[in-house]
Structures are given as C-alpha cells and as structure tokens.
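**Q** First the structure, which I've put down as structure tokens, then a few questions once you've had a look.
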Amino acid sequence: MSSKVSFFHYTSTSGLHAIISSGYIHESNHARNHAHFGKGTYGTSMSPNVGRGKIAKNNWGRHGKYYIRKGKMAMAIEVKIPSDKVKRANHRGRDILVHEGPVKLSDYTYTEWTVPATDYSAYFSDSDDDGADLFDLLSIW
C-alpha cells in the first residue's frame with residue numbers, strides 16, 4: 001500500500017462550490033487550459049499556510065499575481081491521494097502534481113481550506129503580468 005500525498009487544488013470560492021457540488025475536480029486536457037504536463041488534474045503539495053504569493057508563483061509563474069487578483073487563490077481543497085496515483089512534474093523547481101483523469105472526491109478523504117490573505121508583493125516584480133487578458137495567458141503557458 002502506498003503512502004498518501006496531500007494534493008492541494010487552488011480555486012475561487014465559486015470554483016470550490018462547483019467541485020463539492022459535482023463531486024469532482026475536473027481535469028485539464030489541453031495546453032491552453034494549463035495542461036502543460038499532459039492531460040490530468042493539477043495540484044501541488046504546497047499547503048495554504050505557505051502563503052498565496054509563493055503558491056501562485058509556483059502554480060502560474062510570473063502570472064500568479066493575475067490569478068490572485070482574480071480570486072483564484074481564495075480557496076483550496078486538500079485531497080489525500082495515494083502517491084502512486086499522482087506524478088510529480090518538477091519543472092524549474094516548481095512543485096506540481098498531476099493526477100491522471102478527474103479526481104473523484106468520494107474515492108478519497110478531503111478537506112476544504114480558506115487560503116489566508118497574505119502579502120504577495122515579494123514574489124512578483126512590477127513588471128510581472130497582472131493585467132493580462134486570460135486568453136493571452138493561456139496561449140503562452
């Protein structure tokens with residue numbers, strides 16, 4: 001039996017409600033939808049206690065500030081998943097977990113989190129893109 005990993009998926013308040021209501025964290029299946037490491041459901045092992053800035057920088061690189069301001073870091077769901085069900089996609093020191101297919105909540109234990117609002121300015125420079133059009137961001141990911 002494999003050990004379990006804490007798989008944190010960050011989202012907006014409405015996104016978390018949709019996840020709980022549907023019972024699934026849906027997968028990304030195209031690079032334009034941030035499926036940079038292939039089809040699957042994306043998360044990280046980084047806890048909300050690490051802070052919004054560090055997590056956003058990990059998840060979205062220099063565009064993280066944009067996602068914080070859009071509310072995409074307000075909530076998180078932590079799912080305890082057997083380590084053999086996720087792959088680590090460490091890219092340039094980033095902590096990214098990919099679960100093959102959607103995450104079905106009834107298959108695992110999970111916890112809902114409110115992500116503490118923290119100062120994230122230390123993680124982004126003034127030149128980091130925080131006002132980009134969403135489609136521009138998706139096309140360069």
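Bear in mind that the values in this text are calculations on the coordinates, not laboratory data. This structure is a prediction, so every number in the text was calculated from the model and none was measured. Please note: Cβ atoms are built from the backbone with ideal geometry, for glycine as well, and neighbour counts cover all protein chains shown.
**Q** Give me the extension gain from Ala18 to Lys4: residue separation times 0.36 nm, minus the current Cα-Cα distance, reported in nm with one decimal.
**A** 2.6 nm
**Q** Assign unit charges at the C-beta atoms only (+1 for Lys and Arg, -1 for Asp and Glu), then state the dipole size of segment 4-140 relative to its Cα centre in Debye, rounded to the nearest 20.
**A** About 280 debye.
**Q** In nm, to one decimal, how far is the modelled label at Ser45 from the one at Asp128, with both set 7 Å along Cα→Cβ?
**A** With each label point 7 Å from Cα toward Cβ, the separation is 2.3 nm.
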